[in-house]
Amino acid sequence: MNTTRCYRRGVLLDEGFPLEGLDEHLIHEDTVIWVDLYRPTPQDLQTVADELSLHSLAVEGATTVQQRPKFNRYEHHDYLSAYAVRLDTASGELSTAEIAAFITPKALITVRKDDAFPIRDLIDHLEQNAELITHGISALLYGLLDFIVDGHFDTVQMLDEQIETLEDLLFDERSHDTDVQRRSFELRKSLVRLRRVVLPMREVINTLIRRDVQLVPREMAPYYQDLYDHVLRATEWTDSLRDLVSTIVETNLTIQGNRLNIITKKVTSWAAIIAVPTAITGFYGQNLPYPGFAHESGFIASTLLIAVLSVGLFMIFRRKDWL
């Protein structure tokens, strides 16, 4: 599952070579290598660390799960940690895949802790921009970061589309309160998780493009600046979507309250109408003589009174839009 690739002047020279042969591919000055380690054993990591003089803290960080995206500098190399993301559009759940990278002047070593990171897609992405690899390690690092940030941006866009669908359900004539509440909760949880991944990337890219770091050559500076702009847009978009989901939740509660008020108003109006015949029949049910007592005229009078008052109340409530 490990991947090893050697480039010379931007052309793929060799791939699939063993880790013990890294130093043989670093002899030429115009050669750079990329090594991807999948669930490396301590022996594999130690082999790479010995050949490239990797710091023990960086090696320990590469084996630790759920680290914050960051960029650290050491004496002989740099260390990078980042996350690729994937959104399940059916459930709205966001999954992350962590990747760590050791950056030396002539080698890029990536470490994957599981198979969630789409390494095959990353290789295809690098091959599509093979002409940039002539600029060395900075180009390989750019390809990795560009692939990750593009995934962030695509995920934010999909979340935006999911929220638009949620808005349509919110104002549908039929009630979708349960679906809106469930989807709002899942999307808000995914946005919070996405923000934890996207927001630190702004600091990572900003550190990389600083001149005192001297990692990005002048030829690659425009590409990294464009990458930084994408990170800013993804971060701002994520924040705005999180606020929008909160607004949707509040709006849904308001709509539920309005529907309850309408139902209460209608039930109360009908109860008032039903109270009219109840009151009249109860009055005429008294065991006392009254005009029309025990005569047909009394029954007709009470029936007409019920009909007139009920229709009158119905018309008044209908005019006030209570029914």
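Applying a threshold of 7 Å to beta carbon distances and a minimum spacing of six or more residues, or different chains, the list of pairs starting in the range 105-134 at a residue that is assigned by TED's automatic domain parsing to the domain that holds W34 and over 17 Å from V11 (Cα atoms) and ending at one that is charged (D, E, K, R) and surrounded by 14 or more Cβ atoms within 10 Å (Cβ to Cβ) reads T110/D36; R112/D36; K113/E98; I119/D36; I119/R112.
Kindly indicate whether S95 is in a strand (DSSP E or B) and surrounded by fewer than 21 Cβ atoms within 10 Å (Cβ to Cβ).
yes
In the range 164-219, of all residues being part of a loop (DSSP other than H, G, I, E, B) and acidic (D, E), the one that is surrounded by the fewest Cβ atoms within 10 Å (Cβ to Cβ) corresponds to E173.
Condition test on E29, is it acidic (D, E), out of contact with any helix residue (DSSP H, G or I) (no Cβ under 6 Å at 6 or more places or on another chain) and outside any loop (DSSP other than H, G, I, E, B)?
no
E250: under 18 Å from S138 (Cα atoms) and assigned to a helix (DSSP H, G or I), yes or no? Here the answer is no, as E250 does not meet what is asked.
Here's the yes/no breakdown for (1) of a type in the set (S, T, N, Q); (2) under 16 Å from I137 (Cα atoms); (3) in a strand (DSSP E or B); (4) modelled with pLDDT of 85 or more:
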site: A62; (1), (2), (3), (4): no, no, no, no
site: V65; (1), (2), (3), (4): no, no, no, no
site: F71; (1), (2), (3), (4): no, yes, yes, yes
site: S81; (1), (2), (3), (4): yes, no, yes, yes
site: V85; (1), (2), (3), (4): no, no, yes, yes
site: A90; (1), (2), (3), (4): no, no, no, no
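The values are calculated or read from the model by the stated rules, or taken from the named source; none is laboratory data. Small disclaimer: the values here were computed from a predicted structure and weren't measured. We place every Cβ from the backbone using ideal geometry, glycine too, and count neighbours over all the protein chains shown.
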